[in-house]
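Engineer: Have a look at this one before I ask anything.
The values are calculated or read from the model by the stated rules, or taken from the named source; none is laboratory data. On a predicted model such as this, the values are computed, not experimentally measured, just so you know. Cβ: placed from backbone, ideal geometry, glycine included. Neighbour counts: every protein chain shown.
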Amino acid sequence: MTITAQVQADIALIKRLGGPSKLAAKLGYSRPQRVHNWLKRGIPPSVKLAHPHIFLWHVATQSAVEGVHA
């Protein structure tokens, strides 16, 4: 089983945010197992959209920079 580039990026992000337990607490989940599963499957798009300040900040930053240089 190969891990896609998106799943690898999600794994790196979860680690950067403190790991499954800390991220689960930040998202208000009572059990870190839910977040731990994302290390194999990737972060669901619905979760990313529900928490853009955590998961999609880099998209907004990149768009702002590109807009300045347009």
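Engineer: Out of the residues in segment 1-17 that are in contact (Cβ under 8 Å) with a residue 12 or more places away in the chain and of a type outside the set (Val, Ile, Thr), state the one that is surrounded by the most Cβ atoms within 10 Å (Cβ to Cβ).
Structural biologist: Looking at residues that are in contact (Cβ under 8 Å) with a residue 12 or more places away in the chain and of a type outside the set (Val, Ile, Thr), I get ASP10.
Engineer: I need every pair where a residue in segment 18-29 that is within 13 Å of VAL47 (Cα to Cα) has its Cβ under 7 Å from the Cβ of a residue that is in a helix (DSSP H, G or I) and modelled with pLDDT of 95 or more, sequence separation at least 6 or different chains.
Structural biologist: LEU23/ILE14; LEU23/VAL35; ALA24/ARG34; ALA24/VAL35; TYR29/VAL35
Engineer: Taking VAL35, is it at pLDDT 95 or above, surrounded by 14 or more Cβ atoms within 10 Å (Cβ to Cβ) and more than 17 Å from TRP57 (Cβ to Cβ)?
Structural biologist: Yes, satisfied.
Engineer: Suppose the filter is surrounded by fewer than 10 Cβ atoms within 10 Å (Cβ to Cβ), out of contact with any Phe, Trp or Tyr (no Cβ under 9 Å at 6 or more places or on another chain) and either hydrophobic (A, V, I, L, M, F, W, C) or at pLDDT 95 or above (or both); does SER46 pass it?
Structural biologist: yes
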